[in-house]
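Trainee: Shown below is the structure under consideration.
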Amino acid sequence: MTTTVEVVSFGYGHQEPPEADIVIDARRLFRNPHHNPAMREMTGLDRAVYDHVMATPGITAVVRHTVACVLDLISATGGPVIVGCGCVGGRHRSVSLARAIAGELAVLGIGLGVAVRLVHRDVDKPVIQR
């Protein structure tokens, strides 16, 4: 039997967060590419932005612990599980973090019957000007 894990990136500045079982708020503690004019119009789908965000101290532990929590929830409940990753605009930090979590889940879930669906709700919306 296959259990689905949906990982959703979103921007708090666009609309309410999606319903999720686990939510990671990336607005304060993660490196923000928005502050670099060269990366502002890019997204977490671009390598430079992804690398910038993933260079945040402690972020790999956040990814690892989130994946462990998801797998524990699947083991306890049978799933499905929804993980939400949010930042202000839903274009940089949340997208990068969601990519990392979905990637790890895809690798670890192969033998466990876990299907991963990655959704970037707000990645195509305009940059929020601050």
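Trainee: Given a Förster distance of 25 Å, report the FRET efficiency between residue 61 and residue 4 from their Cβ-Cβ distance, rounded to the nearest 0.05.
Mentor: For R0 = 25 Å, the calculated efficiency reads 0.50.
Trainee: Just add up the charged neighbours of residue 39: K/R +1, D/E -1, any other residue whose Cβ is under 13 Å from the Cβ of residue 39.
Mentor: My count for the surroundings of residue 39 gives +2.
Trainee: Counting only helical runs of four or more DSSP H residues, what would the 222 nm mean residue ellipticity of the chain come to if each run contributes -39,500 (n - 2.57) and the total is spread over all its residues?
Mentor: -10500 deg cm²/dmol
Trainee: Distance in nm between label sites at residue 69 and residue 36, each 7 Å beyond Cα in the beta-carbon direction?
Mentor: A separation of 2.7 nm, rounded to one decimal place.
Trainee: Can you tell me the mean projection area, over all orientations, of the convex hull of the stretch 45-115's alpha carbons? Units nm², please.
Mentor: Over all viewing directions, the stretch 45-115 projects a mean Cα-hull area of 4.9 nm².
Trainee: Grab the Cα-Cα distance for residue 115 and residue 15, subtract it from 0.36 nm times how many residues apart they are, and report the gain in nm with one decimal.
Mentor: Separation in residues times 0.36 nm, less the Cα-Cα distance, equals 33.3 nm.
Trainee: Right, here's the next one. Which value does Rg/Rh take for the chain over its C-alpha atoms, Rh per Kirkwood?
Mentor: Over the Cα atoms of the chain, Rg/Rh equals 0.98.
Trainee: Moving on to the next point. Using the number of other C-beta atoms within 10 angstrom as an exposure proxy, rank 53, 127 with the fewest first.
Mentor: Least crowded to most crowded, the residues run 127, 53.
Bear in mind that the values in this text are calculations on the coordinates, not laboratory data. Keep in mind the model is a prediction, meaning the values are calculated, not measured. We place every Cβ from the backbone using ideal geometry, glycine too, and count neighbours over all the protein chains shown.
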